[in-house]
Every structure is written in C-alpha cells, then in structure tokens.
Amino acid sequence: MAAALSPLVDGVIAGIARRHGTGAAHPGDAIAAAAVAQARAWGIARALVADDPVLGELGVTAALGEAGVEVLTWPDGRGRGWRELLGLEGPDRTMGVTVPALGVAQRGTLVLETGPGHGRAIDAVSMFHLPVLLASRIRWSLGEALAETYAPGRRRPAAVSLVSGPSRTSDIEKVSTLGAHGAVGIHLLVAEDR
C-alpha cells in the first residue's frame, strides 16, 4: 500500500470504531478470507451481496458460498429470502455485503451509492453489515467525497447513504439502542491493493 494512503485507511477504520463498529485493512488477496472469518464470528447463515465486480475480483462472493453461507446477490436475490433477511422467517443471523463508492477518513463515514447492482437496502435489512472498501477510494473529508459524488458531468446516483457505524437511536426514553433502523453491527474491510 502506498504510504500516502496509510493515514486515510487508519482514519476511516478509527472513525468506524469510535461509533461501536470494527474494521481492518488487508491485502486484496486476503479480503475473501477476512470476509469468511467475520461471517463465522457473527454466525452468519445468509448474506445479501451487492452485484459489484470488486467483490468478484476479490473472491468475496465465492468464498462466502464455499464457506456454507447462503448468498443472495442483489438484485436477483431480492425476490427470495427477504422475509428471512428481515428476521421474519428463517435464520436471523444475516449480513449485507456492500462496496462503498467512497470512504471518509476524517469522520469514518462510508458513502454508499445506489445503482443497478447495489440496492439502497443492502446495508439496512440485514442484522450485520460488511462493507468492502478499496483503499484508493478513501478521501480525507466529507466535502471531498460529496464533491466527487456530485461532480459535474458524473451520472448521479438515485440515492446516497452515509454510514458511520451500526444503526443507533436514542428516540425512546433517551436510551441508546443499536440496530433500530439497520444493522446492529458493522465490520469494515479495507482492501489495500488488488
């Protein structure tokens, strides 16, 4: 990994950790094994995976399937398994696997863009969220990330989600609750190179 990326990688992981998430950087060829290890640690039975070429190149989707995780690929998988992903039927230990468009080192924020292979709900419907971020996609500030997301001449996504940790709310009696509106846990995998 280039020395210039190291503070950015450290920053995005530290930001996620400040908000009760976890993360780690790995060489690109170790990301699939790290994804399987995290799925096992969470006891995952089913995963909704973005249809993103990065996950295929890194071997994440195939490795999860080989490890015995039922893999539902967006958008094809959304027609089956949704009741289970929502915890209404079947196993409740599920995870969404995303590829953030960008990461923000200063805040530990992930920029998730919707697109044909990446639905808006992937990170929200599962109990756990496993984002796989390429180190080259990390920017220092949210301003830089949003300027790039909405740059003139660039096709704009239908929706953008900013994720900085597990879902949390304090709406009810000011008691902090994890997982109220999305994943109860997040583990960021940063791919250092490909």
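Amide H contacts of R46 (H built 1.01 Å from N, in plane; Pro and chain starts excluded): E70, M95 sit under 5 Å, all sequence-distant by 5 or more or on other chains.
What shape does the range 1-68 take by its C-alpha gyration tensor, where a ≥ b ≥ c are the square roots of the eigenvalues and a/c under 1.5 counts as rounded, a/b above b/c as prolate, and the rest as oblate? Here the range 1-68 falls in the oblate category.
Karplus-derived 3J(HN,Hα) values for the range 48-60, using 6.51 cos²θ - 1.76 cosθ + 1.60 with θ = phi - 60°, are 9, 10, 4, 8, 10, x, 4, 5, x, 4, 7, x, 5 Hz; glycine and proline are entered as x. For the range 147-162, the Karplus equation 6.51 cos²θ - 1.76 cosθ + 1.60, evaluated at θ = phi - 60°, returns couplings of 4, 6, 4, 10, 4, x, x, 8, 5, 7, x, 5, 8, 10, 10, 9 Hz by residue, with Gly and Pro reported as x. Taking the centroid of alpha carbons for each part, the range 93-148 and the range 1-52 are 11 Å apart. Taking amide H positions as modeled 1.01 Å from N, with prolines and chain starts lacking one, the residues under 5 Å from A183 and 5 or more places away or on another chain are S167. Solvent-accessible surface of the range 95-146, taken per residue with a 1.4 Å probe and all protein chains present: 28 Å².
Scalar couplings 3J(HN,Hα) for the range 131-139, obtained by applying the Karplus form with A = 6.51, B = -1.76, C = 1.60 to θ = phi - 60°, are x, 10, 10, 6, 4, 5, 9, 8, 10 Hz; x denotes Gly and Pro.
The values are calculated or read from the model by the stated rules, or taken from the named source; none is laboratory data. Computed from a predicted model, the values in this text were never measured in an experiment. In case anyone asks, the SASA skips ligands and DNA or RNA and just uses the protein heavy atoms, side chains included. Shrake-Rupley method; radii C 1.70, N 1.55, O 1.52, S 1.80 Å.
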